[in-house]
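A short worksheet on the structure shown next.
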Amino acid sequence: MTQDTEQPEKEEDPIILYIMRAVERGSPVAPRDIAIEIADDRARENSPKDAWRKYLMAVKQQAKNLARVGRISILRRGKESTPIR
């Protein structure tokens, strides 16, 4: 009996995918814009107009994580911000 030491590749969080797609478009993007896009994609008929708010904190957290590992840069007032570790 052998044990497979390779672990299956972990799927990327869907919120990270939204962030990376927004960054790849080339123009600066705000966390609110990404949260709105996520909410629009997941909206149901009876979803409130401000449903994007429930995604905002997750978008901000994932953006900070991506900045920590160097995948994106976060700008504040036009200057690159160093994320707190």
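Amide H contacts of Ile74 (H built 1.01 Å from N, in plane; Pro and chain starts excluded): Ser81 sit under 5 Å, all sequence-distant by 5 or more or on other chains. Between Asp50 and Ala30, the distance separating the two model label sites (each 7 Å from Cα on the Cα→Cβ line) works out to 1.5 nm. Other residues with beta-carbon under 12 Å from the beta-carbon of Ala58 carry, at +1 per Lys or Arg and -1 per Asp or Glu, a net charge of +3.
If each residue of separation counts as 0.36 nm, what is the full-extension length gain between Leu75 and Met57 once their alpha-carbon separation is subtracted? Before the final figure, lay out the partial values.
On the way: separation 18, 0.36 × 18 = 6.48 nm, distance 1.71 nm.
Value of the extension gain: 4.8 nm.
Potential lengthening of the chain between Asp41 and Ala67 amounts to 6.9 nm, from the contour at 0.36 nm per residue minus the alpha-carbon distance.
FYI, it's all coordinate maths here, none of it is from the lab. Predicted, not measured: the structure shown is a model, and the values here were computed from it. Cβ sites come from the backbone with ideal geometry, for glycine too, and all protein chains shown count toward neighbours.
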